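The values are calculated or read from the model by the stated rules, or taken from the named source; none is laboratory data. On a predicted model such as this, the values are computed, not experimentally measured, just so you know. Neighbour counts run over all protein chains shown; Cβ positions are idealised from the backbone, glycine included.
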Amino acid sequence: MNTDINFPNLHIYLEHVGKSVNIFGFEIAYYGIIIAVGMLLAVALIMYLAKKSGINEDFCMDVCIYGILFGVIGARIYYVVFAWDIYKDNLLGIFNLREGGLAIYGGVLAGMVSCIVLCKKKGVFFYRLADCVVPGVLVGQIVGRWGNFFNREVFGQYTDSLFAMELPINAIRSMEDVTREMLDHARVVDGVTYIQVHPTFLYESLWNLGILIFLLLYFGRKKFDGELFCYYMFFYGVGRFVIEGVRTDQLKLWNTGIPVSQALAVVLMVVSAGIYLWLMKSNKKK
């Protein structure tokens, strides 16, 4: 199987990009390694920001541990629920994370719920902690998206734009993500068929990087607790709505044809605006 990944308009040609590495006889997927690295970096940033905000470090570590645990479970459940046709005849496949299948929305929602419960239990103001957590979440998303790169997944329709990415058709995760337009523009080199697509994983990674830079620069200037949390939800929702429209592996709301991630993006934007106005009003009263 050919494992090259190319960006022809950027003149970047990557040869032999594998999906895993062999360590002492064990095959370890790059997807898992990248997710783990993203989590470690996220925890480091969250702990740093929490310390600056005067939040107890032990409590913050508990939040990180439970957030990661329930986040991974939530991300998998979300994906399986909206991609049930893939797993209904192979229930054991639900537990195979090596091939991908973690939906960030599910992870964020489950992690948020666990955070709210812990804050309620310990008497910590959730929105104060949330402002420290969302930059870390963004780091996890920025790094984690590159797991999709190694898995040859989360890409968009055919394009010949600057960032167009070429993938060998026999190396992608699922043929269901390949459209007629991709096949019409496919090219064959030395017997290998390449499709050219939008690298939507890259778009989202760069968009999240922009949000992260903004939040970190604004962290010391925020006017009230929860402000950064609202900015994260709103701007992430905006980016996800646009990028999701390009992807070919969309999870759909049952029997509607509506991309569930776009629907949730709209909900995120509306809810974040509402929380922002409520927190701003509450802060003025104080």
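Residues checked against (1) of a type in the set (Gly, Ala, Ser); (2) farther than 22 Å from residue 244 by Cα; (3) more than 15 Å from the chain's Cα centre (by Cα):
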site: 90; (1), (2), (3): no, yes, yes
site: 93; (1), (2), (3): yes, yes, yes
site: 104; (1), (2), (3): no, no, no
site: 108; (1), (2), (3): no, no, no
site: 114; (1), (2), (3): yes, yes, yes
site: 119; (1), (2), (3): no, yes, yes
site: 129; (1), (2), (3): no, yes, yes
site: 141; (1), (2), (3): no, no, no
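A Cβ distance below 8 Å, combined with a sequence gap of six or more or placement on separate chains, defines the contacts here; from the stretch 183-194, residues that are polar (S, T, N, Q) reach residues that are at pLDDT 90 or above and assigned to a strand (DSSP E or B) in the pairs 193/168; 193/187. Annotation note: of 103, 83, the sole residue that is in contact (Cβ under 8 Å) with a residue 60 or more places away in the chain and either at positive phi or in contact with a Lys or Arg (Cβ under 9 Å, 6 or more places away or on another chain) (or both) is 103.
What do you reckon, is residue 220 closer than 25 Å to residue 136 by Cα and at pLDDT below 95? Here the answer is yes, as residue 220 does meet what is asked.
So which of 217, 206, 268, 253 is under 26 Å from residue 54 (Cβ atoms) and among the hydrophobic types (A, V, I, L, M, F, W, C)? Testing whether each residue is under 26 Å from residue 54 (Cβ atoms) and among the hydrophobic types (A, V, I, L, M, F, W, C) leaves just 217.
Here the strands (runs of 3 or more DSSP E) wholly within the stretch 1-76 that include at least 2 residues being within 21 Å of the chain's Cα centre (by Cα) are 26-29. Just one of 153, 176 is of a type in the set (Asp, Glu) and crowded, with 18+ Cβ neighbours inside 10 Å; which is it? Answer to the selection: 153.
Entry remark, the stretch 141-200: residues being of a type in the set (A, V, I, L, M, F, W, C) and assigned to a loop (DSSP other than H, G, I, E, B) number 8 in total. Checked against the criteria, residue 28 counts as of a type outside the set (Phe, Trp, Tyr) and over 30 Å from residue 264 (Cβ atoms).
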